[in-house]
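The values are calculated or read from the model by the stated rules, or taken from the named source; none is laboratory data. All figures in this text were calculated on a predicted structure; none of them were measured in a lab. Cβ atoms come from the backbone with ideal geometry, glycine included; neighbour counts cover every protein chain shown.
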Amino acid sequence: MNVLGLFAPLQLTGGDADPVIWLGLIGVVVLLLLFAVALIVRQYKRCPSNKILVIYGKVGSNRAAQCLHGGGKFVVPLIQSHSYLSLDPLVIEIPLEGALSLNNIRVNVPATFTVGISTDPVLMNNAAERLLNLDERKIRDQAQDIILGQLRLVIATLSIEEINKDREKFMSLINTNVAEEINKIGLVLINVNIRDITDESGYIEAIGKRAAAEAINRAKVEVAQQDRDGAMGQAAADREKDVGVADEVAQATTGRKRAEQQQRVEVAALEAQSIKGEVESKRDLEIATAQREAETVVAAKQAEQQRRIEVSRAEATAVEGENAANAEIAASNAKLAEVRAEAHRVAQVAAAEAKAAILVAEREQELARLQKEQIVQQEIERTRVEIEADAMAERARREAAGQADAILARYNAEAEGTKKVLEAKADGYRRLMEACEADPSLAPTILMIEQLPTIIAEQVKAIQNLNIDKITVWDGGHGAGGNGATADFLSGMISALPPVHELAQQAGIELPSALGKISMNRNGAHPEGGGGEEKGAPEAEPEVGPRA
């Protein structure tokens, strides 16, 4: 196709076409070609070997979809679309129970069916129409319902004997009926596995027992016949056995003797090799031990020799020093011969200087030795101790600083908490006073009532530690008011406790009337035992509430 011919009318009449226009036209053509290629590549769908490509939309007259197994096909945009059907097998468990057989006996036939989508063109179209875009669970449910119905239908046409004995016929009917029905939705039957057949009445078990009994009886007859034949053949076999056994015993004895002889020879050879190896090992060990001892002795001798050489060198150095000193002494003696008195003095001075120099040299040598052997080590130890002490001191300072910070933080927290509590109490007391503004005496009374449990607990402590094992009361019946000595004893014990009303009076607080009032006698004292009204006391109210 001449592409440039398409644009011939666009040529300018007055001369050659503008090159820019031509380049633009060529670019547009290239872009259109690339777009077409990309569209073809994108819309060309390939079908894997384990799937079915289903193209639906406008695929032809009288067809809902076009199915393709393998290969590929171009899907026209806008008017066609595509999807896939998986060919993976589906394993379906059929727990069939209570199916009615031909002789009206209910049987249980648990089975496993393996099905899959068929690649037959007709069945592929059925699957595309009924199973497209369904998940595996829904496909399995549809197939299970169909298989259950057909399996019950097959069992209803067969008796128990036919189901139990003629399994081939049973399986043939299942394959025919089930396959025909599942083909309608595009599935094909791959395999059927009947696990076990049982019935509720035990009929199959009885049939099995009868067959087992018949088999046992036949086996007994066959066993008796075989016993007879065996007895007849046993005699002949025994005769042949005796001859053969004697022959085999003789051969076995000969072979055993040969084997024992060979064993003794091989054991002796192995023992000889073992002894030889043991002797060689012991010899090698002794040689190696001697060599190591010799090397140790040589090393010790060399060390002793080196030590002696060093000592001799030190002694030679000392002798040279002594010879030099003697030379100086000899020079001094020569001068002493010339001038006796001066020489004697010079000799004494020289001797003293020489001794001082020797002492100084010895002192320097001793100091150097001490510096090397002791002082340096002590300096190192002192430095190590100083470093450890500094580290311990720093750690102690850090720990003390940390503890101080922790204590300060705890005290700050406690102070803050105490401050909050006091502020809350102050706010509560302020609100209490505002609430009792009409009757100011009511506020102390309320606070006193709030502390009553604590006051009563303190009163109880007065007698809580009394260990009273036994109380004997001699009651002559002469107690005041006819109450008896027992009541007087208990009343006296209770009266020993600090009265709540007296505590309130001492605090300048009047308790509410619900807690009772104090009965006063003529002397202004409480009656004994917290009893009733004292005789002759004017306008005394009886004590209503408990004292403690």
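Please give the number of the condition Ser441 fails out of (1) of a type outside the set (D, E, K, R); (2) surrounded by 10 or more Cβ atoms within 10 Å (Cβ to Cβ); (3) at pLDDT 75 or above.
Condition not satisfied by Ser441: (3).
Say we look at the range 193-247 and pick out the residues that are part of a helix (DSSP H, G or I) and β-branched (Val, Ile, Thr); which of these is nearest to Asn108 (Cα to Cα)?
Ile204
Criterion first (modelled with pLDDT under 80, surrounded by 10 or more Cβ atoms within 10 Å (Cβ to Cβ) and part of a helix (DSSP H, G or I)) does Arg345 satisfy it?
Yes; evaluated as a whole, the condition is true for this residue.
For Asn104, are the conditions met, namely being in contact with a Ser or Thr (Cβ under 7 Å, 6 or more places away or on another chain) and either surrounded by fewer than 15 Cβ atoms within 10 Å (Cβ to Cβ) or not β-branched (Val, Ile, Thr) (or both)?
Here the answer is no, as Asn104 does not meet what is asked.
Tell me the residue from Ala341, Ala327, Ala294, Ala361 that is touching a helix residue (DSSP H, G or I) at 6+ places or on another chain (Cβ under 9 Å) and without any contact (Cβ under 8 Å) to a residue 40 or more places away in the chain, please.
Ala361
If a residue must be among the polar types (S, T, N, Q) and either not assigned by TED's automatic domain parsing to the domain that holds Leu96 or not in a helix (DSSP H, G or I) (or both), how many such residues does the range 153-183 contain?
The total comes to 2.
Of the residues in the range 28-66, how many are of a type in the set (A, V, I, L, M, F, W, C) and out of contact with any strand residue (DSSP E or B) (no Cβ under 6 Å at 6 or more places or on another chain)?
Adding up the residues that qualify gives 15.
If Asn126 passes every condition in (1) in contact with a strand residue (DSSP E or B) (Cβ under 8 Å, 6 or more places away or on another chain); (2) modelled with pLDDT under 90; (3) within 18 Å of Pro89 (Cα to Cα); (4) in a helix (DSSP H, G or I) but one, which one does it miss?
So Asn126 meets the others, but not (1).
With respect to Glu181, is the statement that it is in contact with a Gly (Cβ under 9 Å, 6 or more places away or on another chain) and modelled with pLDDT under 80 true?
So Glu181 fails the test.
Table: residues versus (1) loosely packed, with under 10 Cβ neighbours inside 10 Å; (2) charged (D, E, K, R); (3) closer than 30 Å to Glu328 by Cβ.
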site: Glu364; (1), (2), (3): no, yes, yes
site: Leu370; (1), (2), (3): no, no, yes
site: Gln378; (1), (2), (3): no, no, no
site: Arg397; (1), (2), (3): no, yes, no
site: Gly402; (1), (2), (3): no, no, no
site: Tyr411; (1), (2), (3): no, no, no
site: Ala415; (1), (2), (3): no, no, no
site: Glu423; (1), (2), (3): no, yes, no
site: Arg430; (1), (2), (3): no, yes, no
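Is it the case that some residue within the range 164-172 is touching a strand residue (DSSP E or B) at 6+ places or on another chain (Cβ under 8 Å) and either at pLDDT 90 or above or closer than 30 Å to Ser86 by Cα (or both)?
yes
Identify, from the list Ala237, Ala272, Ala290, the residue that is surrounded by 10 or more Cβ atoms within 10 Å (Cβ to Cβ), over 30 Å from Glu362 (Cβ atoms) and either at pLDDT 80 or above or acidic (Asp, Glu) (or both).
The match here is Ala290.
Would you check if Glu304 is surrounded by 10 or more Cβ atoms within 10 Å (Cβ to Cβ), over 30 Å from Gln365 (Cα atoms) and outside the structural domain of Glu362 (by TED's automatic domain parsing)?
No.
Is the range 73-87 home to any residue that is in contact (Cβ under 8 Å) with a residue 40 or more places away in the chain, surrounded by 11 or more Cβ atoms within 10 Å (Cβ to Cβ) and outside any strand (DSSP E or B)?
Within the range 73-87, none of the residues are in contact (Cβ under 8 Å) with a residue 40 or more places away in the chain, surrounded by 11 or more Cβ atoms within 10 Å (Cβ to Cβ) and outside any strand (DSSP E or B).
So Ile139 ticks every box in (1) of a type in the set (Val, Ile, Thr); (2) assigned to a helix (DSSP H, G or I); (3) outside the structural domain of Asp196 (by TED's automatic domain parsing) but one. Which box is left unticked?
(3)
With respect to Gln150, determine if the residue is farther than 15 Å from Gly116 by Cα, in a helix (DSSP H, G or I), in contact with a helix residue (DSSP H, G or I) (Cβ under 9 Å, 6 or more places away or on another chain) and of a type in the set (S, T, N, Q).
It is true that Gln150 is farther than 15 Å from Gly116 by Cα, in a helix (DSSP H, G or I), in contact with a helix residue (DSSP H, G or I) (Cβ under 9 Å, 6 or more places away or on another chain) and of a type in the set (S, T, N, Q).
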